[in-house]
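What follows is a set of notes on a single structure, which appears directly below.
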Amino acid sequence: MIPISVVKLDEAAEQLAVEVIRSGMLAQGPMVARLERDFADVVGVEHAVAVNNGTTALVAALEVLDLQPGDEVVTSPFTFVATLNAILEAGATARFADIREDDFCLDAAALGAAIGPRTKVVMPVHLYGQPADMGAIVPLVERHGLGLVEDTAQSLGATVDGRGAGSFGLGTFSLYATKNLTTGEGGMITTNDAALADRLRVLRNQGMRQRYQYEVAGHNYRLTDLQAALGIPQLAAYGDNVKRRKDNAARLCAGLADVPGLRLPTELPGRSHVWHQYTVLVTDAAPVTRDEVITRLTERGIGCGIYYPKTVYDYDCYREHPRVVADPAPVADRVARQCLSLPVHHHLSDSDLDQVIEGVRAAVGA
Ligand SMILES: *Cc1c(COP(=O)(O)O)cnc(C)c1O
């Protein structure tokens, strides 16, 4: 079986975890501070604030932008449900602009059309490891004087014109088990704004600046040192692991280039892709359906996944929700029907990759 994601921690992580256990101080402490410093360096920002998961990172980022009831956040309809749930938890109204087929991220033209008088924040999702079209999105955000929260859960280390995804506005990250870098559960918020970083640190710790000095109604969003210890060595190795993912993606692209009806992912000019997922589209021109491909791959023991099977609001629990506006998104609807993610992670061997390529070719009948 070739799984779509694998977690393997090395001895360095073990040793740091043992250090924390022996210290007797398991909650937020010096390991979290170290992880934050290293994380800020990888993203290329001044400040990183660790929290307990990627969803709370999004909620906290929205909260420090002081959203009022009725304020709208425009995001991508093609994302993990946490993006939408965070908007709702922060008390805002969710609106959507369609995506581009070539990067699976917000389409700047659609975004421009979706921005209205109640829009307060734009929330691009850097999906699968490829950053959104920030060269076009940031000027729109600035022209309208909006907040910018980047859902970078899947794209640590990705860049646009050399700038880190998550460094344009408030960046939010997830360290969940399946992400490129993981502490089991965990999250991070990045910013170059010292005042926002300070507010985020207070907010994650019950709104407390010093013992029993409460400044805002806060949360317990703290990460633990035991978790941070697992992330520190992974950050040191992160560049190498991304390189391996890039090589794996190139190998998959070469091996699948001539498969009929399959649209392969590309790294767009000026953007560095960190290949959280390698996602193809099984288009209508393919001789088989996407779901047939999945059945055949599964029979061969090749892990694959659908991220995501529907647009994020296309569920009964959101259909009647007063703060979810299901703006139409035909590209996202089609991509959700056609997308298929294949293993690309950094633990794959050359022989694994050959098997994935052979498996896909056989499944599509190429
Ligand atoms: C994983 C993920 C999140 C949420 O992160 P958690 O750590 O699971 O809370 C948010 N957005 C996207 C796009 C994700 O992939």
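The values are calculated or read from the model by the stated rules, or taken from the named source; none is laboratory data. Note that the coordinates shown come from a computational prediction; the quantities given were computed from them, not determined experimentally. Please note: Cβ atoms are built from the backbone with ideal geometry, for glycine as well, and neighbour counts cover all protein chains shown.
Do any residues in region 128-153 that are under 16 Å from Tyr307 (Cβ atoms) have Cβ atoms under 8 Å from those of residues that are at pLDDT below 95 and more than 16 Å from the ligand (Cβ to nearest atom), where the two are at least six apart or on different chains, and which pairs are they?
As it stands, the answer is none, since no pair meets every condition given.
Condition test on Leu58, is it among the hydrophobic types (A, V, I, L, M, F, W, C), touching a residue at least 60 places away in the same chain (Cβ under 8 Å), within 20 Å of Gly186 (Cβ to Cβ) and not assigned by TED's automatic domain parsing to the domain that holds His276?
The answer is yes for Leu58.
Residues of region 293-351 being within 24 Å of Asp103 (Cα to Cα) and of a type in the set (S, T, N, Q), which ones?
Thr311, Gln338, Ser341 - these are the residues of region 293-351 that are within 24 Å of Asp103 (Cα to Cα) and of a type in the set (S, T, N, Q).
If you go through region 157-202, how many residues are part of a loop (DSSP other than H, G, I, E, B) and either within 11 Å of the ligand (Cβ to nearest atom) or not assigned by TED's automatic domain parsing to the domain that holds Val32 (or both)?
11
Regarding region 121-135, can at least one residue be identified that is closer than 29 Å to Thr182 by Cβ, surrounded by fewer than 24 Cβ atoms within 10 Å (Cβ to Cβ) and not hydrophobic (A, V, I, L, M, F, W, C)?
Scanning region 121-135, I find at least one residue that is closer than 29 Å to Thr182 by Cβ, surrounded by fewer than 24 Cβ atoms within 10 Å (Cβ to Cβ) and not hydrophobic (A, V, I, L, M, F, W, C), so the answer is yes.
Which numbered condition trips up Gly239, out of (1) assigned to a loop (DSSP other than H, G, I, E, B); (2) surrounded by fewer than 14 Cβ atoms within 10 Å (Cβ to Cβ); (3) in contact with a Gly (Cβ under 8 Å, 6 or more places away or on another chain)?
(1)
Looking at region 192-218, I want the residues that are more than 30 Å from Ala165 (Cβ to Cβ) and at pLDDT 95 or above and have a partner that is of a type in the set (Val, Ile, Thr) and in a helix (DSSP H, G or I) with Cβ atoms under 8 Å, at least 6 apart or on another chain. Which pairs are those?
Met208/Val202; Arg209/Val202; Glu215/Val202
Evaluate region 210-223: report whether one residue or more is surrounded by 22 or more Cβ atoms within 10 Å (Cβ to Cβ) and within 15 Å of the ligand (Cβ to nearest atom).
Looking for residues that are surrounded by 22 or more Cβ atoms within 10 Å (Cβ to Cβ) and within 15 Å of the ligand (Cβ to nearest atom), one finds at least one in region 210-223, hence yes.
Hey, among the residues in region 136-156 that are of a type in the set (Asp, Glu) and within 16 Å of the ligand (Cβ to nearest atom), which one's surrounded by the most Cβ atoms within 10 Å (Cβ to Cβ)?
Only one residue tops the list, namely Asp151.
Would you pick out the residues in region 46-62 that are within 11 Å of the ligand (Cβ to nearest atom) and either part of a loop (DSSP other than H, G, I, E, B) or over 17 Å from the mean Cα position of the chain (by Cα) (or both)?
Asn52, Asn53
Could you list, in sequence order, the residues of region 63-95 that are touching a strand residue (DSSP E or B) at 6+ places or on another chain (Cβ under 6 Å), within 13 Å of the ligand (Cβ to nearest atom) and not in a loop (DSSP other than H, G, I, E, B)?
Thr75, Thr83, Leu84, Ile87
Go through region 239-286 and give me each residue that's under 16 Å from His347 (Cβ atoms) and either acidic (Asp, Glu) or modelled with pLDDT under 95 (or both).
Correct list: Asp240, Asp247.
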